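Worksheet: one structure, shown below.
The values are calculated or read from the model by the stated rules, or taken from the named source; none is laboratory data. Since the model is a prediction, treat every value here as computed from it, not as a measurement. So basically every Cβ, Gly included, is an ideal-geometry build from the backbone, and we count neighbours across all protein chains shown. Note: areas computed on protein heavy atoms with side chains; ligands, DNA, RNA excluded. Shrake-Rupley method; radii C 1.70, N 1.55, O 1.52, S 1.80 Å.
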Amino acid sequence: MGADSFFMYQLRPYQQAASDAAVGFFNSKTLGHGLIVLGTGTGKSLVIADIANRMDSDILILQPSKEILEQNFNKLVSYGYLLCSIYSASCGSKEISKVTFATIGSIYKKPEAFAHFKYCIIDECDTVDPHGGMYIDFLKKVGCKTIGLTATPYRLAVNSLGASLRFITRTRPRFFSEVLYYTQVADTMKQGYLSKMEYYSLLSIDIKRLIVNSTGQNYTDQSVRDEYKRSGFTGKLANVIERLLYNAKVPRKGILVFTRFIEESEEMVKMFPTVSAIVTSQTPKAERERILQDFKSGKIRVVFNVGVLAIGFDYPELDTVVLARPTRSLRLYYQIVGRSIRPHKEKQSAWVIDLCGTYDRFGKVEDLHMRDIDGKGKWIIESNGKQLTNIILE
């Protein structure tokens, strides 16, 4: 299909540049695999659709989850493109076509069925472990040229010196060899493509009392529970929710709360029974969809969630996220903030309210900055001059 065959969307300049970089890389004789960094809310699914629409050869598009697969697939279908299919057990479809959207768990044991694909796109490519695993095993057998897209181009690495975040073109071993294109969060925000953000740090626990686990990127459950109990954290969280619901000068459209434990969320729902609900990995699909629909319609004003809505929850009207869980993970922090970063005509600004010191640690997501420190591909992420990747975590 030609580039203009079904062009129903006017790409933003950076989206066009990202698509051009990808198509140019696929059509070049350059060896290795490329990386494109596009921030949360900048329209990765549209870029993926445009790349697929422009390629003349079969292309495989991999996603880590059903939700992200459906977003990407539906965007290409909305182009009017018909030669695409889904191969994913969780989606109830296993069809191969010119453009095939798949979850890696459904195909990694069947490389022979995909051996004819010359090109591959991996969304959320920071989930690819360069040491091995489903992605690496599959791609080595298929041998297709690959481009990865992500908003968070780093992975946790642990060695004898400690834990560190490594930029994914600088891991050892590495799968992605070069950065093809990237956007800075601050630039897309200034251009009006992202919502204005307001951050509030209401530190409610003593971070120094928490014990870091063996990975160095999280805290042990027991130490968090102990500190919650000691500090009276549940009561402090309830007070914040009450103020947001009834006392905020600017009425909040919806409040999405990220908690650490299911029992914590259950206790909060009991305090606000008529206006809140809980979503966890154990929530049945139909019930989860009903809750989220009620949330978007305004019937439910608060959703407490435990580890399930940091990725793939697309709700541009969302104007408030509450970090009610401590984390040392920059990736998780960015994903949580990113739930509210999409712009909407009825949203003046998005609020990020942090009770557990994460904002104090990482700062504003719009201050996260990619930089090639030597001009030769030695990439880092920094925030206001503070280096966050490729150094041992504090």
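State the number of residues belonging to region 40-90 that are part of a helix (DSSP H, G or I), under 20 Å from residue 149 (Cα atoms) and not aliphatic (A, V, I, L, M).
Final tally of qualifying residues: 13.
Residue-by-condition table, conditions (1) hydroxyl-bearing (Ser, Thr, Tyr); (2) open to solvent by less than 40 Å² (accessible area, probe 1.4 Å); (3) out of contact with any Ser or Thr (no Cβ under 9 Å at 6 or more places or on another chain):
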position	(1), (2), (3)
12	no, no, no
18	no, yes, no
49	no, yes, no
59	no, yes, no
68	no, yes, no
79	yes, yes, no
86	no, yes, no
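I'm trying to understand the selection: among the residues of region 323-333, which are hydrophobic (A, V, I, L, M, F, W, C) and open to solvent by 30 Å² or more (accessible area, probe 1.4 Å)?
If the condition is that a residue be hydrophobic (A, V, I, L, M, F, W, C) and open to solvent by 30 Å² or more (accessible area, probe 1.4 Å), then 332 is the only one that fits.
Any residue at all in region 167-176 that's closer than 30 Å to residue 350 by Cα, of a type in the set (Val, Ile, Thr) and at pLDDT below 95?
no
What about residue 63, is it closer than 30 Å to residue 364 by Cβ, open to solvent by 30 Å² or more (accessible area, probe 1.4 Å) and not β-branched (Val, Ile, Thr)?
no
Scan region 72-88 for residues that are under 17 Å from residue 11 (Cβ atoms) and touching a residue at least 40 places away in the same chain (Cβ under 8 Å) and jot them down.
Listed by number, the residues that qualify are 72, 78, 79, 80, 81.
Restricting attention to region 212-232, report how many residues are under 24 Å from the mean Cα position of the chain (by Cα) and of a type in the set (D, E, K, R).
The number of residues fulfilling the criteria is 1.
Count, please, the residues in region 326-349 that happen to be among the hydrophobic types (A, V, I, L, M, F, W, C) and part of a loop (DSSP other than H, G, I, E, B).
Number of matching residues: 1.
Among (1) under 24 Å from residue 232 (Cα atoms); (2) touching a helix residue (DSSP H, G or I) at 6+ places or on another chain (Cβ under 6 Å), where does residue 361 come up short?
Just one mismatch for residue 361, condition (2).
Tally up the residues in region 164-187 that are in a strand (DSSP E or B), open to solvent by less than 40 Å² (accessible area, probe 1.4 Å) and closer than 12 Å to residue 153 by Cα, please.
Result for region 164-187: 3.
Quick one: which residue in 373, 341, 381, 336 is open to solvent by 20 Å² or more (accessible area, probe 1.4 Å), of a type in the set (Val, Ile, Thr) and modelled with pLDDT of 90 or more?
The match here is 373.
If only one of 249, 270, 253 is of a type in the set (D, E, K, R), in contact (Cβ under 8 Å) with a residue 40 or more places away in the chain, open to solvent by 20 Å² or more (accessible area, probe 1.4 Å) and over 16 Å from residue 354 (Cα atoms), which one is it?
253
Please name all residue pairs, on different chains or six or more residues apart, with Cβ atoms under 6 Å, provided the first residue is in region 352-370 and is of a type in the set (Phe, Trp, Tyr) and the second residue is surrounded by 21 or more Cβ atoms within 10 Å (Cβ to Cβ).
Final answer for the pair search is 362/330; 362/333.
Considering 136, 147, 122, which residue is among the β-branched types (Val, Ile, Thr) and in a helix (DSSP H, G or I)?
The match here is 136.
Collect the residues in region 82-93 that are more than 17 Å from residue 123 (Cβ to Cβ) and in contact with a helix residue (DSSP H, G or I) (Cβ under 7 Å, 6 or more places away or on another chain), keeping them in residue-number order.
Answer for region 82-93, where residues must be more than 17 Å from residue 123 (Cβ to Cβ) and in contact with a helix residue (DSSP H, G or I) (Cβ under 7 Å, 6 or more places away or on another chain): just 89.
Output the residues belonging to region 257-281 that are at pLDDT 90 or above and over 20 Å from residue 228 (Cβ atoms).
Selection gives 273, 274, 275, 277, 279.
So how many residues does region 106-124 have that are without any contact (Cβ under 8 Å) to a residue 60 or more places away in the chain and open to solvent by 50 Å² or more (accessible area, probe 1.4 Å)?
6
Looking only at region 150-163, count every residue that is over 13 Å from residue 390 (Cβ atoms), open to solvent by 10 Å² or more (accessible area, probe 1.4 Å) and not in a strand (DSSP E or B) and tell me the total.
Qualifying residue count, region 150-163: 2.
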